[in-house]
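Enquirer: Right, I'll just put the structure down here and ask away after.
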Amino acid sequence: MTGSGKSSAATAYAQATGLAEFSADDDIGWLRGWTIRAGFRWLSLARLVRRSLRRALTREPVCNDNRETLARFFVQDSIIGWHFRSFTRKRQVMRSLHSDPAMPPAVLFRHPRQPDAWLAELSAMGAESGRAKSL
């Protein structure tokens, strides 16, 4: 979901697992010029607003060198509007990917604490595996 912490989580998961990291924004979502490749939650909206304000004020590059501006908060196709318009479709896509046996395994998190618990479990399994190999 927009603003839910996907990029930060992807980086952490890739580091913890050694798997390749993919950006939902750069690799799946947006092209230059805010062109999209071919519902609603309060937490993700709050994160989105906070992150977008920071990026607009610092001129931090977003994805594919796009930059957010304060003026973009008020245009018809703003990221905030996109959050509301795309929520249901994104939820359906994620559930479809999760249930499709032809796709790589996908993990769905329904609460912000779940990714940290999942990472801790992976780390514990990795540590246990490392101990077993060293014996």
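The values are calculated or read from the model by the stated rules, or taken from the named source; none is laboratory data. Since we're looking at a predicted model, the values are computed, not measured. Note: areas computed on protein heavy atoms with side chains; ligands, DNA, RNA excluded. Shrake-Rupley method; radii C 1.70, N 1.55, O 1.52, S 1.80 Å.
Enquirer: Ordering D116, D65 by how much accessible area each has at a 1.4 Å probe, largest first, what is the list? Walk me through the numbers on the way to the answer.
Expert: Working: D116 110, D65 85 Å².
Largest accessible area first, the list is D116, D65.
Enquirer: So between R50 and A117, what do we pick up on full extension, going 0.36 nm a residue minus the alpha carbon distance?
Expert: Working: separation 67, 0.36 × 67 = 24.12 nm, distance 2.43 nm.
Extending this stretch completely gives an extra 21.7 nm.
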